[in-house]
Amino acid sequence: MKLEAREVSFRYGSGGRRVLDRVSLTVESKEHIGLIAPSGFGKTTLLKLLAGYERPDSGEVLLDGRPLAEFEDYCPVQMIWQHPELSVNPRRRLKTVLLEADWEKEAKDRARIEGELGILDEWKERYPAEVSGGELQRFCIARALGRRTKILLADEITTMLDLVTQGEIWSFLRKELKQREIGLVAVSHSPKLLEKVCSRIVRLD
Amino acid sequence: MTGTKKTGSRRLTMLVLLAFAVVFLGAVVWLGEIWQEEALVTDFTRKNLAPCQTHPFGTDWMGRDMFVRTVTGLSMSIRIGLLTACISAGIAFLMGLAAAVMGRLADGIIGMLIDLVLGIPHMLLLILISFACGRGFFGVVAGVSLTHWASLARLLRGEVLQLKESQYVKIAERLGKGRFYVAFWHMAPNLLPQFVTGLILLFPHAILHEASITFLGFGLSPEQPAVGNILSESMRYLVTGKWWLALFPGLLLVAAVLLFHYIGQTACRLIDPGSAHE
């Protein structure tokens, strides 16, 4: 699948600064892109447009030539957010996060992904406030890697983690994305990480 | 360690007081049920007695025991309060969820309904509805439950609007989850604490309004032993020095209302996950 942003512009509210000004970006399955720009240059905003969380003021976002808004059921473009604690419902047990992933309930892949991410069974009965940020982010990653996911957007997903955990999560993601031919757009403040993970680096500034 | 012990015992104290309040109100309801016949017994050999050992609340001009009458009346008030509070809270919950699930038009209509009910003075609307529904038990229940849902509905609707913008709800939508999944699995658990607290805090309102509307003569019929009736009848005898006819029923009504208020606030604190380890 090919995800394409054509000349997109965007501003928050009506009077604010234009965060993105005619930006174009194309990513295909199999392709891993790293996005670099200083703070405030609209990296997160671009990912939100690509995943369909926001609509561009002008320009368009196309998935295989069709506007992204037409994918009303499961969206093949899934985004993992920077703040896992905001991405899960604080009043539901963590197993419900995993059940939202796009797999049959007893699917082998579901169990495999959870295992490879190091998600322990005892965490699943807890509430989000009772696990650490890194543990929580693993749930969010597992949720985004459903059966129909073709492009993955990662917004500084390991910034809050220690180096060992960062390494574990990225080596899992590289293997999983390669094996299933899922495209990636990753944002990070660490150029070294992006050089290691991505096949192409794009600068927004 | 000592710190956790101390705060843990605060939670226990709250639970004990909560249990006491519930038992007290339960006893009032239960005694009122048993004493229904006794409250109507007239005995002119003991009329107009001041409070004494056999009649702690005194007796009235027909020789009816005021303690029994008050408890029966309060029991009636509490039962009406329970019924109307549940109906009101149910309406509020459905309105709040509908504003979220059914789109912008429904949200606008519900917002207007809330403003309409909140805009008219409470008592006026209450009297109008109760009168239109033929007064009596049905009139009171309809009047109170149709006027008390609005403020809770507004609270829940505000919460829903906020939840709609939350990251996890938006993620669920991108994962292809429908409106009903989001409403019941993501919104309802977040609305529940407000709902339970709102429901319990509706009781005192409902009880007071039932008493006031009966006092004014638009509620329960005069022969029923309701607190409102007791108070309005006692007005005629207050000037002749029968102070106990109004004082004790009034005090007991206030006590019941305060207890419900306390239960509501305590429940609110106990439900909050942040207080789980206090």
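The values are calculated or read from the model by the stated rules, or taken from the named source; none is laboratory data. Computed from a prediction, not measured in an experiment: that's the story for all the values here. Every residue, glycine among them, receives a Cβ derived from its backbone with ideal geometry; neighbour counts consider all protein chains shown. Side chains included, ligands, DNA and RNA excluded: accessible areas come from the protein's heavy atoms. Shrake-Rupley method; radii C 1.70, N 1.55, O 1.52, S 1.80 Å.
The table below lists the values:
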{"read-out": "Cβ-Cβ under 6 Å pairs, at least 6 apart or on other chains, the range A:183-195 side assigned to a strand (DSSP E or B), far side hydroxyl-bearing (Ser, Thr, Tyr)", "value": "A:Gly183/A:Ser29"}
{"read-out": "When residues of the range A:93-108 are limited to those that are touching a Lys or Arg at 6+ places or on another chain (Cβ under 7 Å) and in a helix (DSSP H, G or I), the one surrounded by the fewest Cβ atoms within 10 Å (Cβ to Cβ)", "value": "A:Lys95"}
{"read-out": "Identity of the residue in the range B:142-177, in a loop (DSSP other than H, G, I, E, B) and under 26 Å from A:Tyr74 (Cα atoms), that ends up most open to solvent (accessible area, probe 1.4 Å)", "value": "B:Glu165"}
{"read-out": "Some residue of the range A:117-135 being within 11 Å of another protein chain (Cβ to nearest Cβ), part of a loop (DSSP other than H, G, I, E, B) and open to solvent by 20 Å² or more (accessible area, probe 1.4 Å)", "value": "yes"}
{"read-out": "Matching residues, the range A:9-58, being within 14 Å of chain B (Cβ to nearest Cβ), open to solvent by 50 Å² or more (accessible area, probe 1.4 Å) and among the basic types (Lys, Arg)", "value": "A:Arg55"}
{"read-out": "Hits in the range B:184-228 (condition: open to solvent by less than 10 Å² (accessible area, probe 1.4 Å) and among the polar types (S, T, N, Q))", "value": "B:Thr214"}
{"read-out": "First in the range B:263-278 and of a type in the set (Asp, Glu), second anywhere and modelled with pLDDT under 75, Cβ under 8 Å, 6 or more apart", "value": "B:Glu278/B:Thr7; B:Glu278/B:Gly8; B:Glu278/B:Arg10"}
{"read-out": "Qualifying position, being farther than 30 Å from A:Met79 by Cα and either part of a loop (DSSP other than H, G, I, E, B) or in contact with a strand residue (DSSP E or B) (Cβ under 7 Å, 6 or more places away or on another chain) (or both), among B:Phe218, B:Phe138", "value": "B:Phe218"}
{"read-out": "Members of the range B:31-76 that are outside any helix (DSSP H, G or I), touching a Phe, Trp or Tyr at 6+ places or on another chain (Cβ under 7 Å) and surrounded by 17 or more Cβ atoms within 10 Å (Cβ to Cβ)", "value": "B:Asn48, B:His55, B:Phe57, B:Gly58"}
{"read-out": "Residue among B:Arg79, B:Arg104 that alone is in a helix (DSSP H, G or I) and within 21 Å of B:Gln224 (Cα to Cα)", "value": "B:Arg79"}
{"read-out": "Candidate set from the range A:88-103 (those that are more than 8 Å from chain B (Cβ to nearest Cβ) and among the charged types (D, E, K, R)); member that is nearest to the chain's Cα centre (by Cα)", "value": "A:Lys95"}
{"read-out": "Test: residue in the range B:36-53 that is within 30 Å of B:His148 (Cα to Cα) and of a type outside the set (Lys, Arg)", "value": "yes"}
{"read-out": "Among the residues listed as A:Val77, A:Val61, the single one being modelled with pLDDT of 90 or more, within 12 Å of another protein chain (Cβ to nearest Cβ) and surrounded by 21 or more Cβ atoms within 10 Å (Cβ to Cβ)", "value": "A:Val77"}
{"read-out": "Criterion violated by A:Glu106 - all others in (1) at pLDDT below 90; (2) more than 14 Å from chain B (Cβ to nearest Cβ); (3) within 24 Å of B:Lys170 (Cβ to Cβ) satisfied", "value": "(3)"}
{"read-out": "Candidates B:Pro193, B:Pro189 - the one that is assigned to a helix (DSSP H, G or I), more than 16 Å from B:Ile91 (Cβ to Cβ), under 22 Å from the mean Cα position of the chain (by Cα) and within 14 Å of chain A (Cβ to nearest Cβ)", "value": "B:Pro193"}
{"read-out": "Subset of the range B:156-175 (residues that are small (Gly, Ala, Ser) and farther than 21 Å from A:Pro128 by Cα)", "value": "B:Gly158"}
{"read-out": "Qualifying positions in the range A:150-178 - outside any helix (DSSP H, G or I), of a type in the set (D, E, K, R) and either open to solvent by 10 Å² or more (accessible area, probe 1.4 Å) or out of contact with any helix residue (DSSP H, G or I) (no Cβ under 8 Å at 6 or more places or on another chain) (or both)", "value": "A:Lys150, A:Glu156, A:Asp162"}
{"read-out": "Residue list for the range A:116-133, filter: touching a residue at least 24 places away in the same chain (Cβ under 8 Å) and small (Gly, Ala, Ser)", "value": "A:Gly118, A:Ala129, A:Gly133"}
{"read-out": "Any hit, the range B:124-140, residues being of a type in the set (Lys, Arg) and without any contact (Cβ under 8 Å) to a residue 12 or more places away in the chain", "value": "no"}
